[in-house]
């Protein structure tokens, strides 16, 4: 589906076709138009043709552009020194960050080839380390978001006030004080779960080791 300058990349989980889109940079260099209804319930007419065109573009990215991009990183045609720069380079190449793992696999393969030819360097290994670090960082971010959402109350009785207003009627004052107390408890709970996640990531407990070995 085309939203703005983006389009679908193929079938995925339910409703993911609304958010898992192609980069507009990828569409800009593609020679064929991609139907906005590819891989959706709206694209019944000529769906085989439209789906095949969208699938061809995604396959081209995975089989050609990603390996070429990875090779450019390893051979320093494109220099990367940090995660932000890496993401910018991927976007400029028409690659979504969700394909970091594919870039990492391709880059690791190129580094191994360079080592076998005795032409690998420390900077080549730095590229794969940078890719791996970015993947780990983004995975941790998703874990933090998930546990923080689970820690939040499922329902809210209304907007939370920062402090109680003494001019309110007694019943409203008690309700607002209760809301303030709930908000304070919620903030403390969020801090606790954040510390738990960070301890699991950087700690040495049995639970932390299990997180890295599962």
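Restricting attention to the range 192-209, the residues that are under 23 Å from the mean Cα position of the chain (by Cα) and more than 15 Å from residue 137 (Cα to Cα) add up to 4.
Would you check if residue 112 is more than 30 Å from residue 193 (Cα to Cα) and in a helix (DSSP H, G or I)? For residue 112, the condition - more than 30 Å from residue 193 (Cα to Cα) and in a helix (DSSP H, G or I) - is met. Residue-level check: of (1) over 30 Å from residue 85 (Cβ atoms); (2) surrounded by fewer than 13 Cβ atoms within 10 Å (Cβ to Cβ); (3) modelled with pLDDT of 65 or more, residue 129 misses just (1).
Taking the range 21-49 as the range and being part of a helix (DSSP H, G or I) and closer than 23 Å to residue 98 by Cβ as the test, the residues that pass are 24, 25, 26, 27, 28.
With respect to residue 6, is the statement that it is touching a strand residue (DSSP E or B) at 6+ places or on another chain (Cβ under 6 Å), closer than 16 Å to residue 97 by Cα and modelled with pLDDT under 75 true? Spelling it out, residue 6 is indeed touching a strand residue (DSSP E or B) at 6+ places or on another chain (Cβ under 6 Å), closer than 16 Å to residue 97 by Cα and modelled with pLDDT under 75.
Rundown of residues vs (1) within 18 Å of the chain's Cα centre (by Cα); (2) buried (at least 19 other Cβ atoms within 10 Å of the Cβ), yes/no style:
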residue: 55; (1), (2): no, no
residue: 65; (1), (2): no, no
residue: 69; (1), (2): no, yes
residue: 78; (1), (2): no, no
residue: 81; (1), (2): no, no
residue: 93; (1), (2): yes, yes
residue: 98; (1), (2): yes, no
residue: 102; (1), (2): yes, no
residue: 107; (1), (2): no, yes
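The values are calculated or read from the model by the stated rules, or taken from the named source; none is laboratory data. The structure presented is a predicted model; accordingly, all values stated were derived computationally and were not measured. All Cβ positions, even for glycine, are placed from backbone atoms using ideal geometry, and neighbour counts span all protein chains on display.
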